[in-house]
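Below is one structure; the comments refer to it alone.
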Amino acid sequence: MNSLARELNSTLSGSIVDDLLSDFGRRFYFPKGIVAQSAEAKEKATRFNATVGMATSKGKPMFLNSVRDQISELSESDVFPYAPTSGVLDLRKKWREEMDEKNPSLAGKTTSVPLVTTGLTHGMSVLGDMFLDKGDTIVVPDMFWGNYRLIFEERNQADIVTFPFFTDMGGMNISEFEKVLTDAPGNKVAFVLNFPNNPTGYTPTVKDGEKIIDLLLKLAKGGKKILAILDDAYFGLFYEEESLKESLFGMLADLHENILAVKVDGVTKENFAWGFRIGFLTFASKNLSLEALGALTTKTSGAIRASISNSNKMAQSLVLKSFTSATYQSEKDAGFKILKERYLKVRELVKSFDSNSPLSALPFNSGYFMTFLYKGDSEKLRVYLLNKYGIGTISIQGKYLRIAYSSVELENLEELYTLIDKASKEIL
């Protein structure tokens, strides 16, 4: 094992991170190679800096005017150079400030400075590498984003264990969640909770959120070592008053020494910037020292360095610049209003389905989606809708049909849902 990895492991010794790291995570470090030496030279090389593999002219990065002319609002240094592996520091700090504003329970608590990833998928992949060994258990609801299987099960060879997401009454099935966590072999378990959920568009109530915290605290006090991954991809898109409107990360950040909480979020959906591929990873645990958080950040930076080297500098600069715009919040509010109007219309349409409809809506109250349970074959329905009516939907597990109403104009929703209901009866 590299001496730098051993040094970081020594800093983490005795902490929850030490208990949870995978073999990969233990072996990883941030090398004192080109990147580190270049950073040092940037500060001290006052005559010539011949470290970075980047072409410069008159102290600025070289560029093509055919590209530069299209980006008039940013300086050359905001666009063309490499970004630091961990991300642009000002953006990382600003995102942490934003987290406090959006999550009152987090304010004043100690966390790592968010690391920039190339989208949330990359963030999840890095976490899988850092914390999951072959045969480890990771718990998710039975309604989960399909890419989890590719990342955790195929890439990391961990065992995905699911629990029924909903009770018969329509709320989150917290007792089943507790059961699978309790029954996980050994004293180490990981889970992912994604609110608003993809594919169902569901967020639990404030009361259910408190129940989740209580059960995790009970398990942690009982000796369970828990990696709590909060997938907040659709954070902020909460349409009902009773829904939990902040991330569980804030409540888990200092709940117990046996819980390592990780917030995975980004500008993808929150700031309507899907193609920018800018995500963030933030760590927290009770009594985890700044030195330990620093060591974990360094290890994770090494994993980022080994996968994508660094994320897009121009996208990071654009996001950072957008925070200073006088219209930033009003623009976000306008986007939220459009999506909430679509949600309210869909809720109205689904309630209008007659009692003979073979489609029943799973609980939904937030995000981009809603999902039907279909009495027939949902894949057959998906293909039928596509071929006969020119309507694209997503089939899941052969019995669910996911509708992304976020991508359909308000005035077209009634026609969409009328045709889906019609088609579901025609082929049953």
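Of all residue pairs spaced 6 or more apart or on separate chains, those with beta-carbon atoms under 9 Å, a first member in segment 119-144 that is free of Cβ contacts under 8 Å to residues at least 40 places away in the same chain and a second member that is aliphatic (A, V, I, L, M) and assigned to a loop (DSSP other than H, G, I, E, B) are 128/158; 134/158; 135/158. Within segment 214-234, if we keep just the residues that are of a type outside the set (A, V, I, L, M) and more than 9 Å from the chain's Cα centre (by Cα), the residue that is farthest from residue 262 (Cα to Cα) turns out to be 222.
Yes/no per residue for (1) in contact with a His (Cβ under 6 Å, 6 or more places away or on another chain); (2) farther than 27 Å from residue 245 by Cβ; (3) surrounded by fewer than 14 Cβ atoms within 10 Å (Cβ to Cβ); (4) not small (Gly, Ala, Ser):
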{"site": "332", "(1), (2), (3), (4)": "no, no, no, yes"}
{"site": "355", "(1), (2), (3), (4)": "no, yes, yes, no"}
{"site": "371", "(1), (2), (3), (4)": "no, no, no, yes"}
{"site": "385", "(1), (2), (3), (4)": "no, yes, no, yes"}
{"site": "392", "(1), (2), (3), (4)": "no, yes, yes, no"}
{"site": "399", "(1), (2), (3), (4)": "no, yes, no, yes"}
{"site": "407", "(1), (2), (3), (4)": "no, no, yes, no"}
{"site": "426", "(1), (2), (3), (4)": "no, yes, yes, yes"}
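Across segment 99-118, the qualifying residues are those that are in a helix (DSSP H, G or I) and without any contact (Cβ under 8 Å) to a residue 40 or more places away in the chain, and the one among them that is surrounded by the fewest Cβ atoms within 10 Å (Cβ to Cβ) is 101.
How about segment 381-408: which of its residues are in a helix (DSSP H, G or I) and under 25 Å from the mean Cα position of the chain (by Cα)? Result: 405, 406, 407. In this structure, is residue 308 surrounded by fewer than 20 Cβ atoms within 10 Å (Cβ to Cβ), among the β-branched types (Val, Ile, Thr) and within 20 Å of residue 405 (Cβ to Cβ)? No: the conditions fail for residue 308.
In the set 325, 301, 330, 309, only one residue is among the small types (Gly, Ala, Ser) and at positive phi; that residue is 309. Is it the case that segment 138-146 has a residue that's part of a helix (DSSP H, G or I) and assigned by TED's automatic domain parsing to the domain that holds residue 265? Within segment 138-146, not a single residue is part of a helix (DSSP H, G or I) and assigned by TED's automatic domain parsing to the domain that holds residue 265.
Rundown of residues vs (1) in contact (Cβ under 8 Å) with a residue 40 or more places away in the chain; (2) farther than 29 Å from residue 406 by Cβ, yes/no style:
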site: 176; (1), (2): no, no
site: 196; (1), (2): yes, no
site: 203; (1), (2): yes, no
site: 221; (1), (2): no, yes
site: 226; (1), (2): yes, yes
site: 243; (1), (2): yes, no
site: 246; (1), (2): yes, no
site: 250; (1), (2): yes, no
site: 255; (1), (2): yes, yes
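Within the option set 163, 191, 195, being of a type outside the set (Lys, Arg) and in contact with an Asp or Glu (Cβ under 6 Å, 6 or more places away or on another chain) holds for one residue only, 163. Taking segment 1-19 as the range and being assigned to a loop (DSSP other than H, G, I, E, B) and either within 29 Å of the chain's Cα centre (by Cα) or aliphatic (A, V, I, L, M) (or both) as the test, the residues that pass are 1, 13, 14, 15. Residue 94 - would you say it is under 26 Å from residue 174 (Cα atoms), in the same structural domain as residue 250 (by TED's automatic domain parsing), charged (D, E, K, R) and touching a residue at least 40 places away in the same chain (Cβ under 8 Å)? The answer is no for residue 94.
Within segment 383-421, track down each residue that is farther than 21 Å from residue 344 by Cα and either of a type in the set (D, E, K, R) or not assigned by TED's automatic domain parsing to the domain that holds residue 349 (or both). Once the filter is applied, which keeps residues that are farther than 21 Å from residue 344 by Cα and either of a type in the set (D, E, K, R) or not assigned by TED's automatic domain parsing to the domain that holds residue 349 (or both), segment 383-421 yields 388, 399. Residue 186 falls short on exactly one of the conditions (1) out of contact with any helix residue (DSSP H, G or I) (no Cβ under 8 Å at 6 or more places or on another chain); (2) more than 19 Å from residue 22 (Cα to Cα), and that condition is (2).
Residues that are part of a loop (DSSP other than H, G, I, E, B), small (Gly, Ala, Ser) and farther than 21 Å from residue 192 by Cβ within segment 264-304 comprise 273, 289, listed in sequence order. Please verify whether segment 264-272 includes one or more residues that are surrounded by fewer than 24 Cβ atoms within 10 Å (Cβ to Cβ), of a type outside the set (Lys, Arg) and within 18 Å of residue 104 (Cβ to Cβ). Yes, there is a match, as at least one residue in segment 264-272 is surrounded by fewer than 24 Cβ atoms within 10 Å (Cβ to Cβ), of a type outside the set (Lys, Arg) and within 18 Å of residue 104 (Cβ to Cβ). Would you confirm whether or not segment 333-350 contains a residue that is over 25 Å from residue 239 (Cβ atoms), touching a helix residue (DSSP H, G or I) at 6+ places or on another chain (Cβ under 7 Å) and part of a helix (DSSP H, G or I)? No, there is no match, as no residue in segment 333-350 is over 25 Å from residue 239 (Cβ atoms), touching a helix residue (DSSP H, G or I) at 6+ places or on another chain (Cβ under 7 Å) and part of a helix (DSSP H, G or I).
The values are calculated or read from the model by the stated rules, or taken from the named source; none is laboratory data. Note that this is a predicted model, so its numbers are computed, not measured. All Cβ positions, even for glycine, are placed from backbone atoms using ideal geometry, and neighbour counts span all protein chains on display.
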